[in-house]
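Notes to accompany the following structure.
The values are calculated or read from the model by the stated rules, or taken from the named source; none is laboratory data. In this text the structure is predicted, and so the values were computed from the model without any measurement. Note that each Cβ is placed from the backbone with ideal geometry, even for glycine, and that neighbours are counted across all protein chains shown.
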Amino acid sequence: MPDKKITVLYVDDEDNNLVSFKATFRIKYHVLTAISGEEAVKLLETKPVEIIITDQRMPNMTGVEFLEKVLVKYPDPMRILLTGYADMNAVVDAVNKGKIFHYLAKPWNEEELDMTIRRAYEVYLEKIRLREMNEKLSVSNDQFEFLLRQKLLS
């Protein structure tokens, strides 16, 4: 799986930021962009995503509201919040309601954001691996219980 590109969804209401993000990261990652939370939700219905990065200050739906909405239907992608404002309430909401992995200030620093995406992906892979192990363990327990019942009945 090392040759697979990480799929990153970047959500921002400013077109210049979307273009800049895509230009910066399109070589390293499979980059999807959306100009609103609504557009991003539609995109998530059609494309699997590992990392979601969203701006906080957007019209109609804030970044936290978007992440809360995403969390219900798509709990696996790691969530990163960007904001250009020192709005601690938004950060606290993002951590508590949107279950974000990380918070970064805008304008973002390329190296810091790249490192955050990579760390988030490592956590994402670990989360998926643990879920798969738990599912296998659950099946093994069911099989063991069945065999034990058979043994007791005979």
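Remarks
- Residues of segment 92-118 that turn out to be crowded, with 18+ Cβ neighbours inside 10 Å, at pLDDT below 85 and either in a helix (DSSP H, G or I) or in contact with a Cys (Cβ under 9 Å, 6 or more places away or on another chain) (or both), as a count: 2
- Reported count of residues in segment 35-56, each being more than 17 Å from Ser20 (Cα to Cα) and free of Cβ contacts under 8 Å to residues at least 40 places away in the same chain, is 11.
- Those residues of segment 7-34 which are touching a residue at least 24 places away in the same chain (Cβ under 8 Å) and assigned to a loop (DSSP other than H, G, I, E, B), in sequence order: Asp12, Asp13, Glu14, Lys28, Tyr29
- Residues in segment 70-89 that are surrounded by 22 or more Cβ atoms within 10 Å (Cβ to Cβ) and within 17 Å of Asp15 (Cα to Cα): Leu82 alone.
- In segment 30-69, the residues that are closer than 23 Å to Met115 by Cβ, of a type in the set (Ser, Thr, Tyr) and surrounded by fewer than 21 Cβ atoms within 10 Å (Cβ to Cβ): Thr33
- All positions within segment 42-72 that are among the aliphatic types (A, V, I, L, M), outside any strand (DSSP E or B) and modelled with pLDDT of 95 or more: Leu43, Leu44, Val49
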